[in-house]
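Structure first, commentary second.
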């Protein structure tokens, strides 16, 4: 139980750091692009612009996912595991992955390595859908168990 | 739609016993006994039913009714 709490705390810290990193890259993105443009060959620039555009398009959904993940971890830390709110959180996370998959799929037409991210996002979204369905069943079972005297 | 009705409060009144005393004697919380009394329960364990029948000196049919 103690190690589980440690694991949740570790996940919370990583989630927080991830959120900060996302914002930091969003703020420094144009500056980084300019820096790379001046230091390296300008041939990279069109690809970097596509990367940055895809990043900014994905950013709101990524931040939403980080926020939802943080809330989900806090609820698990409080011992609220099999509750409806967690199902909604996992569902939102799954939809965020699907949106990211759509954006990276479109970006892959301009920069082919994005197709790897599309595949990863679709795979994670599918896993999250399965976990969501498992949680849904677990919540129903728990409700029935709680009302069995 | 017909359903199972729990007549626990009727039996408690007949035996002149309080809910708190019954909960204590059968070893369940008052909150759970309240769920049973108000008909919110989805199921009842045989062990709980047996304990209630023993304490109230009655049959399961005296507690449960289909109507």
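The values are calculated or read from the model by the stated rules, or taken from the named source; none is laboratory data. What you see is a predicted model, and the numbers here were worked out from it, not measured in a lab. Reconstructed Cβ throughout: ideal geometry from the backbone, glycine too, with neighbour counts over all protein chains shown.
Within the range B:33-40, is even one residue within 14 Å of another protein chain (Cβ to nearest Cβ) and more than 25 Å from residue A:142 (Cβ to Cβ)? Before the answer, list the steps.
At the first step, the residues of the range B:33-40 found to be within 14 Å of another protein chain (Cβ to nearest Cβ) are B:33-40.
If we keep only those that are more than 25 Å from residue A:142 (Cβ to Cβ) as well, we get none.
No: the range B:33-40 contains no residue that is within 14 Å of another protein chain (Cβ to nearest Cβ) and more than 25 Å from residue A:142 (Cβ to Cβ).
Put simply, of A:105, A:82 the only residue that is more than 25 Å from residue A:17 (Cβ to Cβ), at pLDDT 90 or above and outside any helix (DSSP H, G or I) is A:82.
Would you say residue A:42 is exposed (fewer than 14 other Cβ atoms within 10 Å of the Cβ) and modelled with pLDDT under 95? I'd like the intermediate steps shown before the answer.
Values: exposed (fewer than 14 other Cβ atoms within 10 Å of the Cβ): yes; modelled with pLDDT under 95: yes.
Yes; evaluated as a whole, the condition is true for this residue.
Selection of the range A:108-149 for residues being more than 14 Å from chain B (Cβ to nearest Cβ), in contact with a helix residue (DSSP H, G or I) (Cβ under 8 Å, 6 or more places away or on another chain) and not in a helix (DSSP H, G or I) yields A:110, A:111. Please go through the range B:22-40 and pick out each residue that is touching a residue at least 12 places away in the same chain (Cβ under 8 Å) and closer than 17 Å to residue B:10 by Cα. Answer for the range B:22-40, where residues must be touching a residue at least 12 places away in the same chain (Cβ under 8 Å) and closer than 17 Å to residue B:10 by Cα: B:22, B:33, B:34, B:36, B:37, B:39.
Within the range B:7-21, how many residues turn out to be closer than 12 Å to residue B:63 by Cβ, over 9 Å from the mean Cα position of the chain (by Cα) and within 14 Å of chain A (Cβ to nearest Cβ)? Going through the range B:7-21 one residue at a time, the tally reaches 0.
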